[in-house]
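This report refers to the structure that appears directly beneath it.
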Amino acid sequence: MNSRIKDLTKMSIVIALYVVVTLLMSSLSFGPIQIRIAEMFNLLVIFDKKYIPAVSLAVLLVNFASPLGPIDVVIGTLETLLALITIYLITRKMKKLNHKLITGIIVSSLFMFIIALEIVFITDQQMPFWLIYLQLIVGEAISVSIGALIIKTINSRLKLEEII
């Protein structure tokens, strides 16, 4: 099979998984307190930059279901795109998988300030920005850490660099 078709297939699978996991767990996936388990797919960019558009497109699609409306489609997607590009740029020269995973967790979590700002400005939240941001950081760290554990476990048996 042509490598371009293989790449498109892999990216399509990631998009589908992200959307399905997020929508199945929609009560946890949106709002000031969220644990969007599908955020674990953010870590795929440490293996290949082709997952930047794949995960960004998945976020765009899933955010059409966001209670925050069309603004979340735009802001949420841009936040993800910026976070993924940052993770890729920081980790691309790192050698150790653990360092890449930890960096991915930290970057994904810190970038949640954009979502916190979005929530503060477009909702009637009575909570201050810093409390919303802290809740989002914790939720994101949980989600991406679960992904890191899964990736580490799978990578101990298979070489993900060769598969992904």
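The values are calculated or read from the model by the stated rules, or taken from the named source; none is laboratory data. The structure presented is a predicted model; accordingly, all values stated were derived computationally and were not measured. Heads up, the Cβs are rebuilt from the backbone with ideal geometry, glycines too, and the neighbour counts pull from every protein chain shown. For accessibility, only protein heavy atoms count, side chains too; no ligands or nucleic acids. Shrake-Rupley method; radii C 1.70, N 1.55, O 1.52, S 1.80 Å.
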Task: 1.4 Å probe accessible area per residue over the chain, in Å² - done: 54 Å²
- [ ] Give the carbon-plus-sulfur fraction of the accessible surface of the chain in %, rounded to a whole number; probe 1.4 Å, heavy atoms of protein chains only.
- [x] 70 percent
- [ ] Determine ³J(HN,Hα), in whole Hz, for all residues of segment 5-21 in sequence, where each value follows from phi through the Karplus function 6.51 cos²θ - 1.76 cosθ + 1.60 and θ = phi - 60°; x replaces Gly and Pro.
- [x] 5, 4, 4, 4, 5, 4, 5, 5, 5, 4, 4, 4, 4, 4, 5, 5, 4
Task: P(r), alpha carbons of the chain - 5 Å bins starting at zero, rounded % - done: 1, 10, 18, 23, 21, 14, 7, 4, 2, 0, 0
Open item on the list: With the crude spin-label approximation of a point 7 Å out along Cα→Cβ, what separation in nm comes out for Leu117 versus Leu28?
Closed with: 2.9 nm
TODO: State, to one decimal in nm, how far the label point of Ile13 lies from the label point of Val138, with both points 7 Å from Cα in the Cβ direction.
DONE: 3.5 nm
Open item on the list: If you take every residue apart from Glu79 with its C-beta less than 14 Å away from the C-beta of Glu79, what net charge results, scoring Lys and Arg +1 and Asp and Glu -1?
Closed with: -3
Task: Kirkwood Rh in Å, taken over segment 71-112 so that all alpha-carbon pairs contribute - done: 10.7 Å
Task: Cα-based equivalent ellipsoid of segment 1-60: semi-axis lengths in Å, sorted from largest, via gyration tensor - done: 24, 11, 8
TODO: Please tell me the relative contact order of segment 1-156 in percent, rounded to the nearest whole number, where contacts are Cα pairs under 8 Å and at least six residues apart.
DONE: 28 percent
Task: Efficiency of FRET between Asn98 and Asn2 - r from beta-carbon atoms, R0 35 angstrom, step 0.05 - done: 0.55
TODO: Please work out the Kirkwood hydrodynamic radius for segment 109-151, using every pair of different C-alpha atoms, and report it in angstroms with one decimal place.
DONE: 10.8 Å
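Relative to the compact globular guide of 2.2 N^0.38 Å, what is the alpha carbon radius of gyration of segment 33-73, as a ratio?
For segment 33-73, the normalised Cα radius of gyration is 1.25.
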Task: Average projected area [Cα convex hull, segment 21-104], square nanometres - done: 5.3 nm²
